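The values are calculated or read from the model by the stated rules, or taken from the named source; none is laboratory data. In this text, all values refer to a predicted model and were calculated from it rather than measured experimentally. Quick reminder, even Gly has a Cβ in these numbers, built from the backbone with ideal geometry, and neighbours come from all protein chains shown. Just so you know, the surface numbers come from the protein's heavy atoms only, side chains and all, with ligands and any DNA or RNA stripped out. Shrake-Rupley method; radii C 1.70, N 1.55, O 1.52, S 1.80 Å.
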Amino acid sequence: MSESTPPSGDIPSPCIQVCTLDAKGVCTGCYRTLREIAEWPTADRLRKIEIRRLAELRRSVAMHRRFS
């Protein structure tokens, strides 16, 4: 994933500049929900880790479905 360099200790955004929402409101680029995307700038470090974990889980499920 491409990110700009975050401030020391911060969690980089999973955004890859492919900002398109699917029918369920999930970005097809980073796999965050619209709510998670909106929350990102003010989320604390632990919440950002959780958002990235959930997005990665969604990405894994999507890839599995696509190639199954």
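Quick notes on this one:
- Taking region 40-68 and a reference point 7 angstrom along Cα→Cβ of Lys24, the backbone N atoms nearer than 19 Å belong to 50-68.
- Accessible surface of the chain [probe 1.4 Å, protein heavy atoms]: carbon and sulfur percent: 58
- Accessible area per residue in Å² at 1.4 Å probe, computed on the chain: 72
- Computed packing ranks the peptides 32-44, 13-25 as 32-44, 13-25, most packed first, by mean other Cβ atoms within 10 Å.
- A simple count of charges around Lys48, restricted to other residues whose Cβ falls under 10 Å of its Cβ and scoring Lys, Arg +1 and Asp, Glu -1, yields -1.
- Taking all Cα pairs closer than 8 Å and separated by 6 or more residues, the relative contact order of the chain comes to 22 percent.
- Computed over the chain, the per-residue total of -39500 (n - 2.57) for DSSP H runs of n ≥ 4 gives a 222 nm mean residue ellipticity of -13500 deg cm²/dmol, rounded to 500.
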